[in-house]
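Below is one structure, written out as structure tokens; the observations come after it.
The values are calculated or read from the model by the stated rules, or taken from the named source; none is laboratory data. Just so it is clear, the model here is predicted, and its values are computed rather than measured. So basically every Cβ, Gly included, is an ideal-geometry build from the backbone, and we count neighbours across all protein chains shown. Accessible surface is based on the protein model in full, side chains and every heavy atom, while ligands, DNA and RNA are left aside. Shrake-Rupley method; radii C 1.70, N 1.55, O 1.52, S 1.80 Å.
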Amino acid sequence: MTNIVEMKNVCKSYGDTEVLHNIDFSVAEGEVVVIIGPSGSGKSTLIRCINCLEMITSGELIVDGIMIPAERKRVRQVRLEVGMVFQQFNLFPHLSALDNVAFGPIRARNIKKPEAYRIAEELLGKVGLEEFKEKLPGELSGGQQQRVAIARALAVNPKVMLFDEPTSALDPEMIGEVLDVMKSIAKDSGMTMVVVTHEMGFASQVGDRLIFMDDGRIVEEGKPSEVMKNPESERLTDFLGHVKHH
Amino acid sequence: MGFEFSVILESLPALLTGAKLTWLITLLGISGGMCIGVLAGLGRIAGSVYLGDEPHGFARQLSTATRYLSAGFVESIRGTPIIVQAMFLYFAFPMMVRMLPNVDQFRMEALTAAIITIMVNAGAYIAEIVRGAVVSVHKGLVEAGLSLGISRYQLIRYVIGPIAIRRMIPPLGNQFIISLKDTSLFIVIGVGELTRQGQEIMASNFRALEIWLTVAVIYLLMTTVLASTLRHFERKMKIF
């Protein structure tokens, strides 16, 4: 299997503060990688570097063959191949659910509107929200908004999907519906995914690999069930004791 | 000498001629002001995260220069009285032009000076309105747009713009009304707008009460038209 994302010796600093230290990390095609870790450990920064929302300070990042920073002019190309789902959904508030999903195909992929809307309707159906297509984001629940956001990211037809704590802003009863959608994307379409989450149930059911980050470093990684059962470091043992099991 | 309604009727044609001129200066002035304001407002935040990715290399230097230039423009216009700006443009600017070699004849029409003054003055204030509205757009929406792989132009045109415009309408209404009333200051450079018409009629018949009351009512009518037009737009667009 080829690596679709590869990080070599990547560092990221804000001013004098280095938040990622010499990260070596890769994601193979079709793989589901789950990243856990305490807040401030750099897990969000790591995935935000993958689609260049944060530019790496040093080292090398290769996404679908595009080398960053050498080919930083091709950042848009990187983003077309990397979809992202945010903790706060970030749906465009002035557009209906359908227009949100059709936005990427029309603007970023230059797909004709009828075809883009066909894709959008199909994806809204896939996340179970076909009947909500005319609603504005403000008229939807958190769980529904996040499902629209997932459809919006998928609509551009990316090769990798990044999830930045997709269920952390949701009420407990809505977490399940979002996780179910994510599971079906991983299982049915074999999508390559990098997921930052504290949902250990999701990690063990869907994850191919679990990564534990602390203080800007990858501390442990391996098969989710094994890493969770036999944590090597004290930090991970401690951390696992604090996260809820779903 | 009681209140004479006939005085109002007699002076009305002249006052309405003035009102027409006031309207002309205002509409041209705020149209130009909008163009200047959007450019200077975006200019003040060029290269910042509010407008997408931070630029690199030459683009970075260019946006820094744009920021300083726009800030300099906004501050110098906001920091000087509009009446001084009008006087400068009407009296001092032609003098400066005539100092150039091979130029002996240059004059500026009072009306032209008035329109340009409103354009530039309103432009500086509108720039701040534009900047404020753009900065208020949630950073997450900018990131969501970027993460889909759209260009900076598309980001501004389809994401930041539509959301920011809705937030600009109330403060823009304020500015348009202020600009309309500011046209009364052009009495000092001899533009025959509404206030000057009133002043001239008053000087010939000394009917201060009737004339200034009528002038005030005409201004009120014009500002009401402006305000209700904007309110109409505001209702048409949902505010987020």
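Axis angle, to the nearest 10 degrees, between helix B:110-135 and the longest C-alpha principal axis of chain B: 40 degrees. Sparse packing (at most 12 other Cβ atoms within 10 Å of the Cβ) combined with a DSSP loop state is found for the following GluC sites (Glu not before Pro) in the stretch A:144-232: A:Glu232. Run down the lysines and flag those whose C-alpha is under 16 Å from the C-alpha of A:Lys133, throwing out any fewer than 8 positions away in its chain. Straight-line reach from A:Lys133, under 16 Å: A:Lys113. Angle between the Cα long axis of helix B:194-205 and the longest principal axis of chain B, 0 to 90 degrees, nearest 10? Roughly 10 degrees, rounded to the nearest 10.
Counting only DSSP beta bridges with both residues in the stretch A:108-246, what percent are antiparallel, rounded to the nearest 5? List each step's numbers first, then the result.
Numbers: 5 of 10 bridges.
Once the DSSP bridges in the stretch A:108-246 are tallied, antiparallel ones form about 50 percent.
Give the shape of the protein assembly as shown as rounded, prolate or oblate, defined through the alpha-carbon gyration tensor: a ≥ b ≥ c are the square roots of its eigenvalues, a/c under 1.5 means rounded, and otherwise the shape is prolate if a/b is larger than b/c and oblate if not. It comes out prolate by the Cα gyration axes.
Between A:Glu121 and B:Trp212, how high is the FRET efficiency from 1/(1 + (r/R0)^6) when r is the Cβ-Cβ distance and R₀ = 60 Å? Nearest 0.05.
Values: r = 63 Å, r/R0 = 1.06.
After rounding, the FRET efficiency stands at 0.40.
Note on B:Lys20: lysines with a C-alpha under 22 Å away, same-chain residues under 8 apart excluded, are B:Lys181.
Taking the chain by itself as reference, the stretch A:68-85 contains these residues with an accessible-area loss of 30 Å² or more in the full protein complex (1.4 Å probe, heavy atoms): A:Arg72, A:Arg76, A:Arg79. Site-free segments of chain B were taken between trypsin sites (Lys or Arg not before Pro) in DSSP loops having at most 12 other Cβ atoms within 10 Å, sites themselves excluded; the longest one is B:108-237.
Counting only protein heavy atoms and a 1.4 Å probe, the stretch B:92-240 has 48 square angstrom of accessible area per residue. Shape class for chain B, computed from the alpha carbon gyration tensor (a ≥ b ≥ c): oblate, with a/c not under 1.5 and a/b at or below b/c. Listed by chain and number, the lysines placed with their C-alpha closer than 19 angstrom to that of B:Lys236 are A:Lys135; residues fewer than eight positions away on the same chain are left out. Computed from label points 7 Å out along Cα-Cβ, the spacing between A:Cys11 and A:Ser184 is 4.6 nm.
Gain on full extension, evaluated as 0.36 nm per residue between B:Val103 and B:Phe3 minus their Cα-Cα distance, stands at 30.6 nm. Taking Cα atoms only, the orientation of helix B:161-182 departs from the longest principal axis of chain B by about 20 degrees.
Of the GluC sites (Glu not before Pro) in the stretch B:81-145, the ones in a loop by DSSP (not H, G, I, E or B) with at most 13 other beta carbons within 10 Å are B:Glu109.
Would you work out if the stretch A:120-238 is rounded, prolate or oblate? Take a ≥ b ≥ c from the square roots of the eigenvalues of the alpha-carbon gyration tensor; rounded if a/c is under 1.5, else prolate when a/b is larger than b/c, oblate otherwise.
Numbers: a/c = 2.52, a/b = 1.98, b/c = 1.27.
Because a/c hits 1.5 or more and a/b exceeds b/c, the stretch A:120-238 counts as prolate.
Chain A against chain B buries an accessible area of about 2100 Å², both chains summed, 1.4 Å probe radius. Stretched out straight at 0.36 nm per residue, the stretch from A:Thr57 to A:Glu134 would grow longer than its current Cα-Cα span by 23.5 nm. Only protein atoms count toward the accessible area here, which uses a 1.4 Å probe; on the protein assembly as shown, the carbon and sulfur part of that area reaches 58 percent.
Past the 19 Å Cα-Cα mark, which pairs from A:Lys159/A:Lys183; A:Lys112/B:Lys139; A:Lys126/A:Lys183?
Values: A:Lys159/A:Lys183 16 Å; A:Lys112/B:Lys139 29 Å; A:Lys126/A:Lys183 12 Å.
Exceeds cut-off: A:Lys112/B:Lys139.
Of the residues making up the stretch B:124-159, those losing 30 Å² or more of accessible area when the isolated chain is joined by the remaining protein chains, with a 1.4 Å probe, are B:Leu141, B:Glu143, B:Ala144, B:Leu146, B:Ser147, B:Leu148, B:Gly149, B:Ile150, B:Gln154, B:Tyr158, B:Val159. Residues in chain A average 43 Å² of solvent-accessible surface per residue, probe 1.4 Å, ligands and nucleic acids excluded. Annotation for the stretch B:185-216: chymotrypsin sites (Phe, Trp or Tyr not before Pro) lying in DSSP loop with at most 15 further Cβ atoms inside 10 Å of their Cβ are B:Phe206.
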